[in-house]
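Here is the structure we will look at.
The values are calculated or read from the model by the stated rules, or taken from the named source; none is laboratory data. A quick note: this is a predicted structure, and the numbers were derived from the prediction, not measured. Reconstructed Cβ throughout: ideal geometry from the backbone, glycine too, with neighbour counts over all protein chains shown. Just the protein is used for accessible areas: all its heavy atoms, side chains included, with ligands, DNA and RNA removed. Shrake-Rupley method; radii C 1.70, N 1.55, O 1.52, S 1.80 Å.
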Amino acid sequence: MGIKERKERHKEDLKIRILEAAKKLFVKEGYEATSIRKIAAEIEFSPTTIYLYYKDKTDIAYALHQEGFSLLRERLAALVYVDQPFERLKAMGRAYIQFALDHPDFYELMFIMKEPMKYLQAHHPEEEWPEGERIFDGLIKTVAACQDSGYFGGMDTNEVAMLSWSVVHGLCSLHITSHFKHIAEKCGSYALPAHEALLESVFQVYLRSIERLS
């Protein structure tokens with residue numbers, strides 16, 4: 001490996017360390033309480049070093065947001081091989097929820113925190129939301145395929161896709177913000193941890209509801 005390659009490797013490794021430290025602090029202390037100085041201290045570098053790679057804290061949040069979407073796309077990409085469109089739609093919903101359960105820190109950055117969108121609006125105002133649009137486009141195509149198979153007759157494709165996303169996102173957000181945890185015990189007894197069982201039960205109700213729209 002030559003000098004140029006070693007420098008590039010060092011640069012990429014340092015960027016990864018910065019993002020890992022920022023994610024850890026965002027989750028532990030909250031976005032507002034996390035400063036560039038704290039991130040720098042976490043990796044034992046000066047704040048000046050952070051600014052060589054990222055403009056500000058929102059730039060770091062947006063980079064983590066992009067990383068999270070890359071992970072989510074990997075999960076959803078595997079589902080293109082599910083031939084039956086409605087089964088694929090159900091699998092997409094389940095994969096989305098499982099992603100939120102496995103990566104609540106990324107999910108919060110991707111879909112709940114405002115800062116990544118603020119960064120996008122400030123620095124790339126010509127772009128709408130490329131990461132979210134790619135995910136939503138896949139959902140629209142799946143809903144359209146469902147309609148070709150006899151589901152959601154007479155309904156607008158985009159509206160059905162948005163409804164599906166809104167329901168599943170709502171479930172994930174309630175789980176991540178601990179709302180499920182506080183109300184699950186009032187909804188009955190479950191074999192699984194109550195909040196996870198409630199999440200699964202409500203998701204099943206949603207699936208049965210949309211299955212009737214054929």
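Below is a table of values for the structure above.
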read-out	value
Net length gained if the chain between ASN158 and MET117 were fully extended (0.36 nm per residue, minus Cα distance)	12.6 nm
Within the accessible area of the chain (1.4 Å probe), percent carbon and sulfur	53 percent
Net charge of Cβ neighbours under 12 Å - reference VAL202; Lys, Arg +1; Asp, Glu -1	-1
Calculated FRET value between LYS28 and VAL82, using beta carbons and R₀ = 35 Å, to 0.05	0.40
Summed side-chain charge close to THR34 - residues other than THR34 whose Cβ falls under 14 Å, Lys, Arg +1, Asp, Glu -1	-3
Listed peptides 64-71, 11-18 by packing density, highest first (mean Cβ within 10 Å)	64-71, 11-18
From phi via Karplus (6.51, -1.76, 1.60), per-residue ³J(HN,Hα) for the stretch 157-173 in Hz, x at Gly/Pro	4, 4, 5, 5, 4, 5, 4, 4, 5, 4, 5, 5, 4, x, 4, 5, 5
Karplus-derived 3J(HN,Hα), 6.51/-1.76/1.60, for each residue of the stretch 90-98, Hz, glycine and proline x	5, 5, 5, x, 5, 5, 5, 5, 5
With Cα atoms, 0 to 90° folded angle of helix 3-29 axis to the chain main axis	60 degrees
Proximal aspartates and glutamates to LYS15, defined as alpha-carbon separation beneath 16 angstrom and excluding residues fewer than eight positions away on the same chain	GLU5, GLU42, GLU44, ASP56, ASP59, GLU67
Accessible surface, the chain, averaged per residue in Å² (probe 1.4 Å)	57 Å²
Charge dipole magnitude, Cβ of K and R +1, D and E -1 - the chain, Cα centre, debye nearest 20	500 debye
13 Å Cα cut-off, lysine pairs counted over the stretch 23-73 (separation 8 or more, or different chains)	5
The chain: calculated mean residue ellipticity at 222 nm from DSSP helix runs of at least 4, using -39500 (n - 2.57)	-24000 deg cm²/dmol
Which label in (1) 34, 19, 15; (2) 36, 22, 15; (3) 37, 18, 16 gives the computed semi-axes √(5λ) of the Cα gyration tensor in Å	(2)
Estimated FRET transfer efficiency when R0 is 41 angstrom, pair LYS11-LYS181 (beta carbons, to 0.05)	0.50
Efficiency of FRET from Cβ geometry, SER173 and GLU133, R₀ 22 Å, rounded to 0.05	0.65
